[in-house]
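Working notes, structure below.
The values are calculated or read from the model by the stated rules, or taken from the named source; none is laboratory data. Values in this document were obtained by computation on a predicted structure and should not be read as measured data. Virtual Cβ from ideal backbone geometry, glycine too; neighbours counted across all protein chains shown.
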Amino acid sequence: MPMPEWLRLRRAQPVPAEDSAQWTKCPKCGTMIYRPDLAANAWVCSTCHHHFRMHAFDRISMLVDSDFTEIGGEMLPGDPLGWTDKVPYPQKLARDREKSKLTEGVVCGFASIGGYPVALGVMDFNFRGGTMGTVVGERITQLFERARERKVPCVVFTASGGARMEEGMLALMQMAKTTLAVRRFQDDGGYYLSVLTDPTTGGVSASFAFQADVILAEARAAIGFAGRRVIEQTIRQKLPDNFQTAEFLLEKGAIDVVVERPDLKNLLVRLLDYGVGAQRPTNGRASAPAPTETHP
Amino acid sequence: MNVIVEREKGLLELEQRIDQLKAHASQQPVDMSAEIRALEAKYGQIQREIFGKMTPWQRVNMARHPKRPLGSDYIAGLDQFDELHGDRHFRDDHAIVGGFAKLKGRRVMAIAQDKGRDTKEKVFRNFGMPSPEGYRKVIRLVRLADHLGLPVVTFIDTSGADPGIGSEERAQSEAIAQSLYELADAGVPIVATVIGEGGSGGALALALADRVLMLEHAVYSVASPEGAAAILWGDAARAEEAATRLKLTSDDLLQFGIVDDVITEPLGGAHRDASGTIGRVLDAVDGALDALVPVPADELRDRRYRKFRRIGSVTGATG
């Protein structure tokens with residue numbers, strides 16, 4: 001498989017220049033961290049273990065064995081509503097492309113993790129807050145459709161503020177579209193792991209994020225449907241600190257596992273291993289003699 | 001304050017005057033018909049001015065009109081209804097009413113969101129904002145409908161899913177995601193009708209359907225105008241501006257291919273002729289079912305897949 005330029009660069013780990021831009025402050029504990037050290041430590045603060053939000057390229061680089069073949073990268077969003085507020089929507093998109101070096105809010109492709117071939121989707125909060133517009137919906141849909149054809153498991157990292165307002169109802173409909181693709185993939189025997197990262201909310205959490213066979217969450221990630229501010233305004237009281245965290249959801253029984261980032265890859269590989277038998281030609285029912293349709 | 005209710009006030013006064021004059025005229029020998037006709041003409045003119053061309057924000061207010069027919073009114077318009085309660089796990093969510101029903105003689109599973117009419121009912125129904133249990137009730141009823149081969153008809157009217165501590169604790173996201181997941185594979189026809197407000201994922205959770213119908217002055221949006229304004233500009237007070245930009249009217253959504261059919265309302269809105277409107281909606285649902293019922297389950301699933309698969313706005317080469 002070909003290796004994209006960004007992946008090759010990250011693997012080469014060039015020695016960075018010694019200037020102030022190389023230092024960053026941990027938003028949690030305030031420690032000044034040398035960025036190459038942070039990168040080498042999977043973007044986790046070595047003092048307080050705060051998990052920094054990761055760029056999709058860094059995430060992919062951290063996970064995949066060596067190769068990554070992107071799909072749908074050439075897709076760009078239209079401006080179906082002709083949206084303008086402070087600036088026109090296409091300008092916001094151009095600004096985010098420039099700033100994030102991404103073409104949209106999710107990077108999808110084929111790779112292998114610990115020797116297991118997978119379809120991998122990684123959302124990035126840096127691009128319009130990871131919101132799901134038509135391109136994110138289309139890329140995720142294609143990822144599941146092609147994973148179904150190739151009969152490989154699907155791994156999706158979510159990070160999203162929800163549906164993208166500037167694409168209106170076309171954005172909301174991506175919840176339905178991705179759901180249909182996930183359902184078809186799983187009904188056909190496909191194995192799907194989602195990893196909820198900080199933050200996963202709104203229309204993404206209420207569709208493919210919570211439809212996986214196994215749902216993981218990175219430690220201390222904010223996860224929920226309604227935004228924290230909306231709830232505070234509705235009930236007019238301050239919410240406890242751990243509300244809508246990965247740990248909170250684990251306690252409530254909504255997710256399978258909370259994982260610290262340094263342990264993530266090994267856990268993913270083990271989970272992929274358990275699912276090896278899942279990629280059967282059919283979902284197993286069809287090969288059984290004269291199946292009697294029951295509805296559990 | 002509802003801007004439609006405000007605008008209606010003058011009209012309602014005029015309506016009263018006409019009625020009074022008519023009653024008066026019937027008791028008097030003097031001919032007042034010319035005067036009545038003039039008033040009626042004026043009435044019609046004002047009505048057309050107010051309702052002939054409404055802004056998106058006015059449509060939002062029409063969709064929220066306090067007298068607008070609610071989910072339970074449509075349920076009451078069915079030939080027969082036997083309510084089924086609860087999610088089998090936690091409680092019965094009153095924001096969603098569902099059960100077996102007969103629609104023009106046809107057995108169906110009817111599911112409606114209901115906002116409640118008076119204050120007491122609104123509280124009982126949580127203002128039409130479903131909790132996870134509501135969506136889990138939907139999942140259960142759709143599964144039951146699928147099991148028995150009954151078509152599913154849904155009536156949508158919510159500002160959105162409940163944003164509360166309890167709803168988050170019981171995994172609102174998972175409940176909506178699984179409701180969508182259930183509708184995605186049901187082997188029976190699903191017809192959804194947006195009758196008032198279609199607010200965000202909380203509405204879509206009942207609208208992943210084979211046919212999506214919408215009343216003329218209903219609205220359906222990615223977030224409520226207040227929610228969108230808060231998300232975009234941190235200011236819920238800019239809801240009117242958000243409503244204008246979001247393209248949430250029935251004409252917009254028909255153009256986008258998100259809505260299949262728009263059901264017209266009487267001049268002045270659905271509440272001006274509630275039973276007539278409900279009748280037209282049920283006729284339209286029945287008509288949609290006529291076309292869907294003969295379609296085999298796999299073909300139905302396939303068409304549903306393709307219906308939503310094509311919704312997008314993507315440039316550049318795909319694949």
Task: Odd one out for B:L150 among (1) without any contact (Cβ under 8 Å) to a residue 12 or more places away in the chain; (2) among the aliphatic types (A, V, I, L, M); (3) surrounded by fewer than 23 Cβ atoms within 10 Å (Cβ to Cβ) - done: (1)
Task: Conditions (1) more than 28 Å from B:S275 (Cβ to Cβ); (2) within 7 Å of another protein chain (Cβ to nearest Cβ): number failed by B:G160 - done: (2)
Task: Residue that is surrounded by the most Cβ atoms within 10 Å (Cβ to Cβ) [pool: residues in region A:235-247 that are within 18 Å of B:S173 (Cα to Cα) and within 8 Å of chain B (Cβ to nearest Cβ)] - done: A:Q244
Open item on the list: When the residues of region A:181-216 are narrowed to those that are facing chain B (nearest Cβ under 7 Å) and of a type in the set (S, T, N, Q), which ends up surrounded by the fewest Cβ atoms within 10 Å (Cβ to Cβ)?
Closed with: A:Q211
Open item on the list: Looking only at region A:249-271, how many residues end up being in contact with a helix residue (DSSP H, G or I) (Cβ under 8 Å, 6 or more places away or on another chain), within 11 Å of another protein chain (Cβ to nearest Cβ) and buried (at least 20 other Cβ atoms within 10 Å of the Cβ)?
Closed with: 2
Open item on the list: Need pairs with beta-carbon distance below 6 Å; first residue under 16 Å from A:I60 (Cβ atoms) and within region A:123-152, second crowded, with 24+ Cβ neighbours inside 10 Å and polar (S, T, N, Q); sequence gap 6+ or separate chains.
Closed with: A:M123/A:T158; A:M123/A:S160; A:G130/A:S160; A:I140/A:T178
TODO: Take region A:57-75 and flag every residue that is closer than 20 Å to A:L267 by Cβ and part of a helix (DSSP H, G or I).
DONE: A:D58, A:R59, A:I60, A:S61, A:M62, A:L63
- [ ] Output the residue which, of all residues in region B:218-231 that are hydrophobic (A, V, I, L, M, F, W, C) and either closer than 12 Å to A:G162 by Cα or part of a loop (DSSP other than H, G, I, E, B) (or both), is farthest from the other protein chains (Cβ to nearest Cβ).
- [x] B:A218
Task: Selection within region A:76-90 - assigned to a strand (DSSP E or B) and either at the interface with chain B (Cβ under 9 Å from one of its Cβ atoms) or within 18 Å of A:V156 (Cβ to Cβ) (or both) - done: A:L76, A:P77, A:T84
Task: Conditions (1) under 18 Å from B:A270 (Cβ atoms); (2) in contact with a Lys or Arg (Cβ under 8 Å, 6 or more places away or on another chain); (3) part of a loop (DSSP other than H, G, I, E, B); number of the one not met by B:F90 - done: (1)
Task: Pairs where the first residue, in region B:201-226, is touching a residue at least 40 places away in the same chain (Cβ under 8 Å) and the second is among the polar types (S, T, N, Q) and assigned to a loop (DSSP other than H, G, I, E, B), C-beta under 6 Å, 6+ apart - done: B:E216/B:T264; B:S224/B:S159
Task: Matching residues in region B:1-33 - criterion: being more than 30 Å from B:E226 (Cα to Cα) and β-branched (V, I, T) - done: B:I18, B:V30
Open item on the list: Anything in region A:154-180 that is touching a strand residue (DSSP E or B) at 6+ places or on another chain (Cβ under 6 Å) and either at the interface with another protein chain (Cβ under 7 Å from one of its Cβ atoms) or surrounded by fewer than 24 Cβ atoms within 10 Å (Cβ to Cβ) (or both)? List them, or say none.
Closed with: A:A163, A:A171, A:L172
TODO: Determine whether B:A237 is more than 7 Å from chain A (Cβ to nearest Cβ) and either modelled with pLDDT under 95 or surrounded by fewer than 24 Cβ atoms within 10 Å (Cβ to Cβ) (or both).
DONE: yes
Open item on the list: Condition first: over 21 Å from the mean Cα position of the chain (by Cα), part of a loop (DSSP other than H, G, I, E, B) and surrounded by fewer than 18 Cβ atoms within 10 Å (Cβ to Cβ). Can you find one or more residues in region A:34-44 that meet it?
Closed with: no
Open item on the list: Within region B:19-46, take every residue that is acidic (D, E) and assigned to a helix (DSSP H, G or I) and give me the one that is modelled with the lowest pLDDT.
Closed with: B:E35
TODO: Scan region B:224-247 and give yes if some residue there is hydroxyl-bearing (S, T, Y), more than 30 Å from A:L249 (Cα to Cα) and touching a strand residue (DSSP E or B) at 6+ places or on another chain (Cβ under 7 Å), otherwise no.
DONE: no
TODO: Go through region B:66-98 and give me each residue that's under 25 Å from B:Q178 (Cα atoms) and aliphatic (A, V, I, L, M).
DONE: B:I75, B:L84, B:A95, B:I96, B:V97
- [ ] Confirm whether B:G196 is more than 30 Å from A:R184 (Cα to Cα), in contact (Cβ under 8 Å) with a residue 24 or more places away in the chain and outside any strand (DSSP E or B).
- [x] no
- [ ] Could you please tell me which pairs satisfy a Cβ distance under 7 Å, a separation of 6+ or placement on different chains, a first residue in region A:29-57 that is of a type in the set (S, T, Y), and a second residue that is in a loop (DSSP other than H, G, I, E, B) and crowded, with 20+ Cβ neighbours inside 10 Å?
- [x] A:T31/A:C45
Task: Failed item, numbered, when A:T103 is tested on (1) more than 14 Å from chain B (Cβ to nearest Cβ); (2) farther than 17 Å from A:A163 by Cα - done: (1)
Task: Subset of region B:262-319 [away from chain A (no Cβ under 14 Å), hydroxyl-bearing (S, T, Y) and in contact with a helix residue (DSSP H, G or I) (Cβ under 7 Å, 6 or more places away or on another chain)] - done: B:T277
- [ ] Quickly run through region A:58-97 and pick out the residues that are more than 23 Å from B:A228 (Cα to Cα) and touching a residue at least 60 places away in the same chain (Cβ under 8 Å).
- [x] A:R59, A:I60, A:M62, A:L63, A:S66, A:D67, A:F68, A:T69, A:E70, A:I71, A:G72, A:M75
Task: Index of the failed condition, B:H271 passing every other in (1) over 23 Å from B:G149 (Cα atoms); (2) assigned to a helix (DSSP H, G or I); (3) out of contact with any His (no Cβ under 8 Å at 6 or more places or on another chain); (4) modelled with pLDDT of 95 or more - done: (3)
Open item on the list: Based on this model, can you work out whether B:M54 counts as surrounded by 14 or more Cβ atoms within 10 Å (Cβ to Cβ), more than 14 Å from the chain's Cα centre (by Cα) and not in a strand (DSSP E or B)?
Closed with: yes
